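Below you will find the structure I want to go over with you.
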Amino acid sequence: MQHFKYVFGLFLVLVLMTACKPDASNNNSSDSTPAEAVPQGTYAAPVLPNPNKPKVQLLLRSPFWVAEYWVNHEDNSQNKPNQGRWWSLKADGTFTTGQWENTYSYGSWVVYNDGPKDLLHLDAVDDRLDMEFELQAVSSMEDYMSWSGTKTYKMSRIAVKAIALMSMPTKEQFGVQ
């Protein structure tokens, strides 16, 4: 009987260990790169965006916000390599991000106020892609915005002209080789 309890206990531990493995298909499957291409990490639990905020309404109106221009005032060599970065913000507080036809990561986003400033905080599972921007000027047709990096994540020297697109950007659209 003692031997049976030992074998049963070992079996139970193995079943629990197997059941606790992360599901490889749980990587925002349809629009994400393969699991091995997305570094694993953590991100804050999504919070439903406030649909009464005008900037939230604007961000959710377009499937993709794309960096038409990315300006790093400290390191100009980073400007062209960051053109075509995109963010697809969802109404459930999650997002995916990438560049051109590549998806790099996913996570949660929130717009919050810091005094008079509207800030967009992007917390990606790949911590290298965590970002925060102050949402500044909006065009009269609401098809592009100016985003200014904040001190969070050491982005205060970055400015982005983000444009609204209905589909994932391509290099051809932007005349990039």
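The numbers here are math on the coordinates, done by the rules we state, and not lab data. All of these numbers come straight from a predicted model, not from anything done at the bench. Backbone-built Cβ (ideal geometry, glycine too); neighbour counts: all protein chains shown.
Can you put THR150, THR170 in order of Cβ neighbours within 10 angstrom, beginning with the fewest?
In increasing order of surrounding Cβ atoms, one gets THR170, THR150.
In Å and from the alpha-carbon atoms only, list the Rg and Dmax of the range 51-174.
13.3, 40
Applying the Karplus parametrisation 6.51 cos²θ - 1.76 cosθ + 1.60 with θ = phi - 60° to the phi angles of the range 42-52, what ³J(HN,Hα) value in whole Hz is obtained for each residue in order, glycine and proline being reported as x?
10, 8, 5, 4, x, 10, 4, x, 6, x, 8
On to the next question. At a Förster radius of 22 Å, what calculated FRET efficiency corresponds to the Cβ-Cβ distance of VAL47 and GLN78, to the nearest 0.05?
The calculated FRET efficiency here is 0.15.
For labels at GLU101 and GLN173 in the simple 7 Å Cα→Cβ model, what's the distance in nm?
Each label point is offset 7 Å from its Cα along the Cβ direction, giving 1.4 nm.
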